[in-house]
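Participant: Encoded as structure tokens, here's the structure I'll be asking about.
Derivation of every value follows stated rules applied to the coordinates shown; laboratory data play no part. Please read all numbers here as calculations on a predicted model, not as lab measurements. Ideal geometry is used to build each Cβ from the backbone, glycine not excepted, and the neighbour counts take in all protein chains shown.
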Amino acid sequence: MDTPTLNLIYAHASVRRYKRDPVPASVVETLVRAGQRASTSSNMQTYSVVATTNAEKRLALSKIAGGQKHVAQAPLFLTWCADRFKLARACELRGYTQNTDTMENFLVAAVDAAIAAQNAALAAESLGLGICYIGAIRSDPAAIIDLLELPQGVFPITGMTIGYPAQEKRPRPRLPQKSILHWEKYNQNQDEHLLAYDQAMIETGIYKNRQVPIPGKEDETESYGWMEHTARRVSQEIRSELRAVIESQGFGLK
């Protein structure tokens, strides 16, 4: 099946090098308008986005995000946030008090923000822009909250660099669909698909020269592939302070 929309989606790849050309404010507004047309739970629209173009602030964002150079280099950085602040005000105006004590209330806002962000990403790519999601802003969400002056009820979910690409996009293989799409019930027999994908990713060259000793077998080596890279990442505890910062922003997680 071949349509312009599908072709755009299939051609997606993260961009980490950008031209210096600024993204006009009118284009930023167009991207956010596209985000606003995304599905949203009960039409509550529990998200917001902070656009950052100031070079000093982009550098500060880069440092918070682990020193990723493209965060500072991209002419535009969008911070997509879960936002219950405006609903709190709507409640006040109508004589109610918003309840944000449950995990559900936070998840609704986080999902709203993610869906809106993806709509904006597709809109950006349709206009010849490149994007890269920056989840590393959650490595120090308190610093993001301070830098962007986010009020109670607002929490940064993900960042996004945007600009005109200074490099050719290279879409990466994805997992075999049989490991993602399950008919009627979940299929737990994943080994064949994981091994095939591991080899496909190795063949892209992305892990070239990253062979590592096998734990317990230091005299041998193995190809560093998607499984090794991913297993190492998910076996570590990361961002364990998130819950405390989320709660300090006014979200209960019962």
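Participant: Quick check for me: using +1 on Lys/Arg Cβ and -1 on Asp/Glu Cβ, what's the dipole size of segment 96-224 about its Cα centre, in debye to the nearest 20?
Facilitator: The calculated dipole for segment 96-224 is roughly 420 debye.
Participant: Taking only Cα atoms and a 10 Å spring cutoff, compute GNM fluctuations for the chain and point out the largest among Ala38, Ala244, Ala123.
Facilitator: Maximum among the listed residues: Ala244.
Participant: Next question, about the same structure. Send over the semi-axes of segment 86-194's equivalent ellipsoid, whole angstrom and largest first, taken as the square roots of 5 times the C-alpha gyration tensor eigenvalues.
Facilitator: That gives 33, 24, 14 Å for the three semi-axes.
Participant: Run down the lysines and flag those whose C-alpha is under 23 Å from the C-alpha of Lys178, throwing out any fewer than 8 positions away in its chain.
Facilitator: Partners found: none.
Participant: Taking the chain as a Gaussian network, Cα atoms linked when under 10 Å apart, which of Ala110, Ala136, Ala200 shows the biggest mean-square fluctuation?
Facilitator: Taking springs between Cα atoms under 10 Å, the residue moving most is Ala200.
Participant: Where does the chain land at 222 nm, in deg cm²/dmol rounded to the nearest 500, when only DSSP H runs of n ≥ 4 count, each adding -39500 (n - 2.57), divided by all residues? If you can, show how the numbers build up before the last one.
Facilitator: Working: 10 runs with 105 residues, N = 254.
Calculated mean residue ellipticity at 222 nm is -12500 deg cm²/dmol.
Participant: On to the next question. Sort 227-239, 73-85 by packing, meaning the average of other beta carbons within 10 Å per residue, with the highest value first.
Facilitator: Going by the mean number of other Cβ atoms within 10 Å, highest first, we get 73-85, 227-239.
Participant: What FRET efficiency do you get for Lys169 and Glu237 if R0 is 35 Å and r is their Cβ-Cβ distance, rounded to the nearest 0.05?
Facilitator: Details: r = 33 Å, r/R0 = 0.95.
About 0.60, to the nearest 0.05.
Participant: Also, quick follow-up: Which aspartates and glutamates have a Cα less than 19 Å from the Cα of Lys208, not counting those fewer than 8 places away in the same chain?
Facilitator: Asp198, Glu220, Glu222, Glu228
Participant: Identify which of Tyr207, Tyr18, Tyr133 has the largest mean-square fluctuation in a Gaussian network model of the chain, with springs joining Cα atoms closer than 10 Å.
Facilitator: Comparing Tyr207, Tyr18, Tyr133 in a Gaussian network model of the chain, the most mobile one is Tyr207.
Participant: Based on Cβ point charges of +1 for Lys and Arg and -1 for Asp and Glu, what charge dipole magnitude is obtained for the chain about its Cα centre, in debye rounded to the nearest 20?
Facilitator: 680 debye
Participant: Projecting each Cα onto the charge dipole of the chain (Lys/Arg +1, Asp/Glu -1 at the beta carbon, about the Cα centre), which of Gln68, Val27, Ser179 comes out farthest on the positive side?
Facilitator: The listed residue farthest towards the positive side: Val27.
Participant: Once the dipole of the chain is set up with Lys and Arg at +1 and Asp and Glu at -1 on Cβ about the Cα centre, which of Ser139, Asn7, Gln190 lies farthest towards its positive end?
Facilitator: Asn7
Participant: Using the 10 angstrom Cβ neighbour count as an exposure proxy, how do Met44, Met1, Met103 rank, fewest first? Don't jump to the answer; show the numbers that get you there.
Facilitator: Numbers: Met44 15, Met1 3, Met103 12.
The fewest-first ordering by Cβ neighbours comes to Met1, Met103, Met44.
Participant: From the backbone phi of segment 243-254, what are the Karplus-calculated ³J(HN,Hα) couplings (6.51 cos²θ - 1.76 cosθ + 1.60, θ = phi - 60°) in whole Hz, Gly and Pro given as x?
Facilitator: Taking θ as phi minus 60°, the curve returns 4, 4, 6, 4, 5, 5, 8, x, 9, x, 10, 5 Hz for segment 243-254.
Participant: Helix by helix, which DSSP H runs in the chain go 15 Å or more along their axis at the Cα atoms and have an average Kyte-Doolittle hydropathy of 0.5 or more? Write down the numbers at each step before the final one.
Facilitator: On the way: long enough: 25-36 (16 Å, 0.55); 103-126 (35 Å, 0.89); 191-203 (18 Å, -0.34).
Counting only whole DSSP H runs, the qualifying helices are 25-36, 103-126.
Participant: Relative to the compact-globule scaling 2.2 N^0.38 Å, provide the ratio for the alpha-carbon radius of gyration of segment 129-254.
Facilitator: 1.42
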